[in-house]
Every structure is written in C-alpha cells, then in structure tokens.
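Derivation of every value follows stated rules applied to the coordinates shown; laboratory data play no part. Being a predicted model, the structure only gives us computed values, none of them experimental. Backbone-built Cβ (ideal geometry, glycine too); neighbour counts: all protein chains shown.
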Amino acid sequence: MVSSPGSCPLDVLPHRSPHPHHLLLHIGPHKCNQTKIIQASKGLIEDLSLRQVDESTGISEELQYSISRLVKGLASSRQSARHGFSVALCQILRNFPSINVDMILGAVAEHLKFTQKESRSEQGNILLGKVLAYMALVQSGRITSATQEHVQKIVQSLVQVCQKRSFLKQISTYAISLIVSQVNTEIFKAAVWSEIEAELTQGWTGCSPDTLMLLLACQKYHPLSIEFFPVVHLINDEVIHQLSTSKISFTDFWTEGRDLLFGKEHHSAVNVGLYLMTKMLPHLKTPEEIECLLPANVVKVLVKIIDGKQKKKNPVYESATRFINGLVTYVKSSENAENSIKVLHCFFETQCPKGTHLTRSLDTIIQSLSSEAAKKYGENLMKVFKKYIKDPRENMMGIQHVATHIRTLVTLPSTSGDHAWQLHLLQFLGLHSFWTVKAKSSALPHCSYCTQPMEDKLRKPFQDNFLKALSNLLIYNTEKSKTSSLDAYLDTVCQLCKYFQDLVEASEVVSLVVDFPEDEREQWVKTVVCLLGMQEKSAAKSPEKSDLHRAFMLLFVFHALHLFMSKENAVSTLQDIHVCYNKAVKHKRRSTVKSAKSEPEWIEVVTELLLSMMSQGSNFARLAAKTTFSCLTDHVTPDSLGLITDVLKLEKGDENELISFEDEDENMEVGDEENGLSEEEKDIEEEKSEEDSGDEDESEEEEEEEEEEGEVDEEFRNAVKSALGDAVDKSDSEEESEPDLDDDDMFKFDEALAQVFKNMRKTKEAEAKENKKQLLAFKSRVLDLVEILVKSQPPADLTLDLIFPLLDLVASTEKHKEGPELDLGKRAGNMFRMLYKKAKIHGNVAVSRDRYLQALNNAIQFSTKVTTKQIVNDVSDACLLVIRLLMNLDLGSLGPSPMKTRSGKAQKEKKVEMERDQDSVHQLVIDSVQSNVKDFLQKKKQKLHTEFFYNMFSKFPVLFWPITETLLTTMQDDQAKVFMKTQACYLLSGMLNKDVEKNIGEETWNEFSLSLIAGISRIMRGITKEAFPTKLIHDVCVTMRKYLFSSQKPLEISSEITEKLESLRGSFNTDIRKEYNMMMGKLGKTANVNQNKQAKKRKNKEKVALSAQTPESKKAKQSKIADTASPVVKKKLNKEKQTVHETVKQGSQTGNSTAESDSKAGLKKKNYESNTQLGLRRSQNES
C-alpha cells in the first residue's frame, strides 16, 4: 500500500528551512476549519515572501518545494488535506506572478500521474487532484495569461476526467464553465469550443444539467461564437402526428402557440416554431389554415431571418430555408389554386422589404402556379393595387411588390401560349409606368378607376419591371420554335403600342407623366402606323415574317417606347430607322465591294444603332440589339462589320471613342461638301493648305500650351486654394508687395500641396481604372454580336475580316494570368475556333486572290508575335482557314480538289480550266509557305514557331506535300546544324499518316521513301555516344516509326541505321526507347529478344521449383519425364550425360583432382540435372 502523498514525513524536508514546511503540515489536517486553513495559508505566504526577496533572480528553492508539495497534497485523502492545499496553492499563484502556468502544469504532470500500482480509489484521488490544480489556476486568475495550447491542454484533461469518473463530472464541468467565463473569444473558439462541441451538439437527448449549465455559460459569455442550438425534441413530431390524426384543428393549436414561439423572437423558440411549421405544412388543406400558419408577425420574422444578416450555418437560418423550400414544394403539389394564392398573399400583404433570397423563392412559387391560379392571382394583385394607389406614399412597399409579382406573371410556363393574358399584364405595367388616370373610362383597359400621382422613386420600379417584363418575354420561348416565339412577341408588342396610342389620344382620361412635344408625338404616331402596316403586310403575304421585317419591327418598338423615358436623340434615331427601312426593302442583295460612297449603307447605320444599344445599361436594350442583329446577319457587309471589329481593336486611352454617332455624322456632312468642289477649286485649296501648313505647325505648340494653361479642373483649383489658405488672396494682388513667408509656413504649404497633388493622382488612377473596366465590359458585349455572326456561318469576305480582330484580342490578353482580360481572351479564342469550323467554304461572295494571299502572309507574320502554344496553334489554324477559303477546301479535305459550280453541270473545258486555276493557286500557297519554312530552317533569328508549321502539316499533309523536298534536303545537308535537322525531322513526322500514300500515289511515295531512308542514314553517320543529340534521335525514331506504320510496303531499312541505333541503346531515355521498340517491333527484329526473355523467365521459375524439391522426388520426377520424352530429347540428354561422366572420369584418372575440381564437377552435374528436367519438360509441353 502506497503512502498518501499528503502524509509526507517531516524528516524528508530540507533541514535548513524548517519553518515553511512545518506550516505545510498544519494546512492539511483540519476538518474543514476554514479559519485555521486561512491562517496557515497566510503564514505560508508571509514566510515565502520573506524568502523570495527578488523575483527577477528566479524562484527560491522554498517556493519551488512548496508548489511541488501542494500539488502532491491535492491528491491526498487524509481528512481535509486537499481543501487546505488547494487554498494555499491558489493564494501562492495570486501573490507570486513569477510562477507561470507552465510550471504548474509540469508539476501536475510529474506528481499527479498513474504508475499502474494504484487502486481504483487512489486513481480517483489523483484525478480529483488534477481538477483541483486546474481550479486553482482558474480561481487565481492565472488562466487569463495562459496560452492557447495551455488552455486546450487543461480543457482536454478535464473532459477526460468527466469520461473516466462520473462522480467528478460536475466539478470538472464547473471548472470548464469557469474557464469559458475568463478566456477571450478567440481562445474560446480555438481551444475550448473545439473540445466540448461534440458533447454540446447532441441535443436534448441525453442532455444533463451539467451539459445545459456549460451550454448556458457559452451562450452567456460568447454569444456570437456559438452557432448551435439544442436539437428540437422528438416530442414535437409526436405532437404533429397526434394533431393530424385527431379532431383538434391546426388553427386552434397554432393560434395558441405562434405568439409564444415568435412573440419575443428568441432564437431557440423561433427554431422550434419553424420546425413545427415545416411539419404542419403538408397537412394544411384550406386557405384559412394557411392564413393562420402565416400571419403578419410570423412572416416578418421569417423575412428577417432569410434576408437578414444571419449566417448560413446558423440553425435558425437552416430551419427557415427548409420551411421556404417546403412551401415551394407544397405549392407545386397543391391542386387547389386558392391555397397557392393564399400563400402568396400572406407574403404580399406584409409590406416589408424582401431580399434576394426570399424574392427568388417567391418567384419560384409564382412560376409553379397553374394557369387558373396565375390569372386569379394577377386579378387579385390589380385589385390590391387599386386599394394601395389611393395613398401611394403609405403603401409604397406594397405597390412595388405588385409591380414585381405582375412582371413575374408575364412569363409563366402555364400561360406561355396565352398572349392575350400577357398583353393584359403588359398594359397594366405600361399604363402605371407612364400615365396617371384622372378620369374613369370603361373603353380603355385598366382605366376603370382614378389613380393618384406617384413620386419618381415609386414610378421608377414600375418602369423597371415593365422593361424587365418586355426583355424576359423576348427571350422566353412561348411557341415551339424561336422564330414563331419572336413573331408572337412582335404581335404582342405591336398591340401594346396600339394601346399606348389610344392612351396618347385619350388625353381627357389619362395624362402623361412626362412632356410629349409635338415633334415626338408626330414621330410616335408615324412609327405606330408603320408598325401596324408592317404587321398587316406580313400577315397578308405569308404567316412567316421575313427576318428583315422582324429586325426593323423590333427596332421601331424599342426606340418608340423610349420616347416616354429617355428622350435623348429619340426622334432623330426613329427618323434614321425609317430611312434605313425604306432603303432595306428596296435592296435585294447585300453589297460586298468596298467603294467610295456619298452616304453610308443602311446596314452601317443600323449597326451603329445596335452598338449604341449594346453600350446601354438596360438589359432590354442589349437583348433587343442581339435579337435584331441575329435577323440581319445575311445583310452584314464588310463595312458594317468593320464598325464592330473597330471596338475590339480599341486600346487603353480610346474609351472616349466608343460611341460618337453625332460627331461622325457631322464629319460625314463636311466630307460631302468637300466632295462637291471642282477639281480646280481643290487644287487651289491644296496649294493654300501647303502654304499655311508651315504657319500651322509653328502655332500648334503655342496653342497646345495655351490650352494646357487654360484647361484647369475647377475642383483641383479649389483644392489648391484651400491648401494655401490666406496666401491665396495675397497672391492674387500683383500690385502690393508681399512679405516673404518663413520656412515653417512654407513647409506647411508644401505638405498641404503635396496632399492635394497626391489626391489628384489617386483620382486619375481610379478614373483610368474605371475606364478600362468599362472598355472591357463593352468589348465583351460586342463579342456577343460577333458570336451571333459566327454561328450564322459568315461568307468568305466576312470571315477574313473576323480572323485578325479575334486573334488580336486573344494575343493582347496573353500576358494576363487572371482577371477580366483573360476571360475576354478566352471568349475570343473559343469564338475563333468556332469560326474555323463553321466558315462557309463554298460561298457566293467573290474575294480577290491577292487579298487571300495578303491575309495568309499576315497570319504567318502574326505568329511571330505570340508565344503561347494554344495561340500559336490558333494562328496556324487561321492560315489553314485562309487557304481553305482560297482553294475551296472543306475541313476534312486532304488535298486540293476541283472547285464546284452552282449548277454542278459545267462543261469539261471549263472544268479543266478551273482545275488548272486551282493548281496555280495551290502553287502560290506552297511557294508562300515554303519560303517561310526555308527561312525558319536557315536563319537563326527567325521568330517562327515549329508548332505553327507542324499544326498545318499534320492537318493537311497532302496539301503541303511538296514541302517535304525542303525538309529532306535539310536532313541530308551536312552543313545544317543539329537543331535545324531536328526541326525538319519533327515537321516531316507530322506529315506521315495512313492516308498519305493513297492520296499522293505509289510513285511519289516510293521516291519519298528512298530520300527519307537516305537522309536518315546520313544523319546517323554523324552521331556518336559522346555527342548524343537526344531530341534528334527521338524525332528520327518517331519519323521511322510513323513511316513504317503508314506505308503499305515500306522499303527495307538499311542495316546501317539499325546497327547504329542498336549501338546507341545505352544512351536512350524512356521516350526514345519506347519509339525504338515500336519501330523494331514493326521490322520484326524484337521477336527473338522477347522469346529469349520469356525463356529466361521460365528457366528461372523452374530452377526455383527444383531447388524446393528433395533428391528422391527429383530422381523420381526425372525418370518419369525421361520415360515420356521424345527420341530426339532422349538422345540429347544421353549425350550431355555422357559428356559429364567423361569429364569426371578424366579428372579422377589424372589424380590431380582437388576440392575445386570436385566442386566444378558437382556443379556441372547439378546443371545437367536441371537442364535435363527443363528439356524433358519442354518436350512434354511440345507433345
């Protein structure tokens, strides 16, 4: 039995300082006599204080012994020793700051540990001593200075005590709660909560008072850190089940409980309430029950949780989200339209601002409404609006909700084919967006009651929802096809414009909220008449409208509606559209030739209008522009496309030139006037301009300086004045003499002026950054138009105009690793690849040969400006695209083929002439590419890329087959450097595939084979192990392998090549060895090697099997195998056996046999036996 730690004998104490140790003996034995314990503790502290004079020198020996002795005594079971020892330890920690937490934890680890000799009760005492030591740290306040690691270690130990001894759980939990109350939030999250979270997240099941006390402490001292509430008890499920099966109504139950759960908005109560609502929802069958479930106070709490600042991991937020999702499911599955409408009304009548999440959820509920429910809900909303509009200021939020929900009702799956209902809703939104009803009228829809004028901030949401409804309906497929959906949309908006015309004429009933001058009214009437006329003509001619009419109808509608909103240039824009429409209906074919003209083509003016619409912030404007452009792709000309590509070419600093239609029109008029001058007048003007040019050059600099001096930002001027203070007024007076400022004043002015200039620089940098952002956004929008054109398969001339702007955009973003620039470049790259696949090869547009050749040379030169492999391949594809357009080659063609005529019945003479012309074009292409290949292989400073040519040659090998002569010449040239030979060999390998021999002919292929083998032989002669060109050898092996696999009857590879390669095998890396083995396998020279390898493996395996056998079994098996062996094998075995016996006999006759000869003979005999068995086994397998 081990003696108690608290009953340590006196003689073990140091004799030179008996007094404090004697006091320690008096601390423990008192039976909870608090007075004596306190007195003894005071005496101990006083004695230790006298001995601990200077704490800077460290802790005295007496103090160290006292701490060790007190920690030991905490595990004592003798009388009330642990009471006194814990009090003394706590007082020491309070009075001696030099004692750190690490020292106490070290003493606990040293003295309060299990030694596997204690009984169970003694182990409990030791655990209790640990808890008391930690309590002393906490109650002395020393835990606040502990590190995160120390706190976590203490909490971990206390949790382990709770798990090991249930009777210590209460005091251990209390100790943890004290730690929670003292540590800061950061340490609490990292060191405390991570250790106790598992215990506190078990919910009410098994929730003890200790757990609840600890949870309350966490919630009290660290409320923002705790994102957990106890799990809802299972009794709630039983309550809902009893309600659903009993006669008790949900209304009575919820009326009593909802105020209790949602009245004070306590999170735990709200969590339970949301859980009950989710469980009750599937059992609700009447609108009255739904109205009881979702009263105003519950909806307000729900909106606050869903769209407030609650974290998504918060259990209340999760409960609210589950309820909203359940509500959506309930509405979708509900067959009663009244129930769905009542759900929406409960949210609608609560006039509180709804955020994005709830609005999206309500939109989902509305989208799931049936046709009947949607129409009823729409009519109810209009009735509610009639009530709200009597006092718009008080019902502002409700009016906004009406506009939002009606806009959502416009595009419902259940009413997608009901265009009359869609027109009814659009009329309501349009009327209250731009008019005020001042007199009742039954003839005009929605004018049966008067409305009060709405403020701009209230009318603006109506206008926004009206435009959103138009844009959503434009892209919504209401019919089976996109074309029929667009026709239905145009019919609807034409009827809407007719309704607006009726409102404009009914000035005694309604009044416009904006001024409508006579010129705007006239233009509006003209546009509506034109729209209705276009609609009637299209319906009379055919049920399908032409794309041209669709495009102009959409343009008319968009700009006509903007007469009621943005009046800037609205009248002049509509006039331009009318002119363009009249010109467009007269033209039958698009102009493809760039020629001098006095005025732009109609498609150019329309393109400028579309670019202007794409630059606007309205989504409706951009959707209308893209839809219009998709209808006009067949009419796009190179000049109109140039307006689009010019935007893609804009650089930083050109932001002001994005859209400037008025300036361009003015310049155009000036140019027309100049074109009207006679030749003599032009000569006179030129002479005058030459004479005046010198004076203008001299005066330009002075004018610029004057402009720079005059153009000073007023805001910057005011900032400088405020920085100078009183000195500004003095400096303005030039006549008065000013006293010089001292240095202190000058330094003050310097600092103030420096701050002004610094702020100005920041402002300019922010402005430049914003301009760059807008430019990138505008380019991205313009790429939408380019994508529409690319998908429509543009003809050859437009394809050529698109290639380089897209490549420029890709190359300009090459240096960016992330950000909008990189995204823009990726979009442009994807668009170019789409163009490469979809370009019309056999088009009706004639493009000059010189333009194609110039584009080809430009593409080759463009490849020298890029470095990324993907972009190099894109530029290479651009060259192929130009060549395909020039030679009328399809994407899958391998070589030049005769051009096809429109009729397909051309005469033979004309066909031969066209083939001859194509051959000449082919030769021009070869000459252009071949000259660049020669430069690439011969000039060191050439910036062309190998992958650029390899991509072209591998995709169209037959087309570029004449270039093989240049590549073979380089390979056979002894003066060519290794790098050049490597590149030539690599490019040649790309031109070899299985179809080449068939397409170029047997004779050409045989000539190529001879030259190839000769070239490779010449390369191999100059290669040694000392100067081993790894890349060249690899490309040689690849070329040989491709040649062998591509040729039906390959020529025999000279032994010079194979022997050379075999001698260099030791220097091969993995890639070369792989290619070499494939090549030799095709030649049939690796069969023996593989057979030898297999035989060697089989022999080794059999040797292992023989070594595991006993001599008796070996002899039995040998005799059995010998009996079944063939005569040939038996003869061979006998011969080997006779040879071994003769050797042994000869060795014995000489008498000079030694141990070494004996061992050799034994070894030969052993080998003989193994070989015998192998031979017999082999013969047995053969039989």
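Under 8 Å for C-alpha pairs, at least 6 residues apart: give me the relative contact order for region 235-514, rounded to a whole percent. Spell out each step's value before the answer.
Working: 301 pairs, mean separation 39.1, N = 280.
Computed value for region 235-514: 14 percent relative contact order.
From zero up to wherever the largest Cα-Cα distance of region 371-518 sits, split into 5 Å bins and tell me the percent of pairs in each.
Reading upward from the zero bin: 2, 9, 19, 22, 21, 15, 8, 3, 1, 0.
What is the Cα radius of gyration of region 960-1085 over 2.2 N^0.38 Å, N being its residue count?
Values: Rg = 13.7 Å, N = 126, 2.2 N^0.38 = 13.8 Å.
So region 960-1085 has a normalised radius of gyration of 0.99.
Which of Y65, Y134 has the fewest other C-beta atoms within 10 Å, and how do the rest follow up to the most? If you can, show how the numbers build up before the last one.
Values: Y65 17, Y134 25.
Neighbour counts put them in this order, fewest first: Y65, Y134.
Averaged across orientations, what area in nm² does the convex hull of the alpha carbons in region 957-1022 project?
Values: hull surface 16.4 nm².
Taking the Cα atoms of region 957-1022, their convex hull projects to 4.1 nm² on average.
Which entries in the list K772/K943; K869/K939; K342/K498; K264/K386; K279/K468 go over 29 Å, if you measure between the two C-alpha atoms of each? Walk me through the intermediate numbers first.
On the way: K772/K943 31 Å; K869/K939 21 Å; K342/K498 35 Å; K264/K386 35 Å; K279/K468 37 Å.
Long pairs (Cα-Cα over 29 Å): K772/K943; K342/K498; K264/K386; K279/K468.
Anything over 24 Å Cα to Cα? Flag those among K460/K779; K567/K626; K773/K817; K390/K440; K826/K994, in the order listed. Let's see the in-between values first.
Values: K460/K779 29 Å; K567/K626 22 Å; K773/K817 17 Å; K390/K440 14 Å; K826/K994 34 Å.
In this structure, K460/K779; K826/K994 exceed 24 Å between Cα atoms.
Where does each of 603-616, 504-517, 808-821 land if you order them by average Cβ count within 10 Å, highest first?
Working: 603-616: 21.1, 504-517: 14.1, 808-821: 15.8.
For the peptides 603-616, 504-517, 808-821, the packing ranking is 603-616, 808-821, 504-517.
Under 8 Å for C-alpha pairs, at least 6 residues apart: give me the relative contact order for region 960-1085, rounded to a whole percent. Mind showing how you got there, number by number?
Working: 101 pairs, mean separation 38.7, N = 126.
Computed value for region 960-1085: 31 percent relative contact order.
Could you tell me how many cubic angstrom of Cα convex hull volume region 157-203 has per residue? Could the numbers behind the result be given before it?
On the way: hull volume 3.7 nm³, N = 47.
Here the figure is 78 Å³ per residue.
Going from the alpha-carbon gyration tensor of region 235-514, what semi-axes, largest first and in whole Å, does one get by taking the root of 5 times each eigenvalue? It would help to have the intermediate numbers written out before the result.
On the way: eigenvalues 293, 87, 56 Å².
Semi-axes, largest first: 38, 21, 17 Å.
Give me the percent of Cα-Cα pairs in region 32-143 that sit more than 20 Å apart, rounded to a whole number. Numbers along the way, then the final one.
Details: 2426 of 6216 pairs.
When all Cα pairs of region 32-143 are counted, 39 percent exceed 20 Å.
Taking the Cα atoms of region 83-171, report the difference between the largest and smallest coordinate on each principal axis, in whole Å and largest first.
Taking max minus min along each principal axis of the Cα atoms, region 83-171 gives 37, 27, 24 Å.
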